[in-house]
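Chemist: Let me give you the structure first, and then I'll get to my questions.
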Amino acid sequence: MKLIHVISLLLVVIGGLHFALIAININLLGMLFGSLNMSIVNLLIGLAIIQHVLPSVKAELGAK
């Protein structure tokens, strides 16, 4: 796998865990990236999600 793909997949997993753990009041991003600006971290996670979802959307739209 390309390094960028591995990094973005890791960000997608971290983002998913973060949203799941927020339900029980555990801030995973705060623990992992405490001193960083959370807006930047959330932006990177959002871009990683788009990068992983876009090929599936293109394939689905192209199949019809």
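No lab work stands behind these numbers, since they all come straight from the coordinates. These numbers were taken from a predicted model, which means no experiment stands behind them. Cβ: placed from backbone, ideal geometry, glycine included. Neighbour counts: every protein chain shown.
Chemist: Quick check on my filter: what residues within region 24-37 are at negative phi and over 13 Å from the mean Cα position of the chain (by Cα)?
Modeler: Passing the criteria: I24, I26, N27, G30, M31, L32, F33, G34, S35, L36, N37.
Chemist: Output the residues belonging to region 7-53 that are polar (S, T, N, Q) and either in a loop (DSSP other than H, G, I, E, B) or in contact with a Gly (Cβ under 7 Å, 6 or more places away or on another chain) (or both).
Modeler: Correct list: N25, N27, S35, N37.
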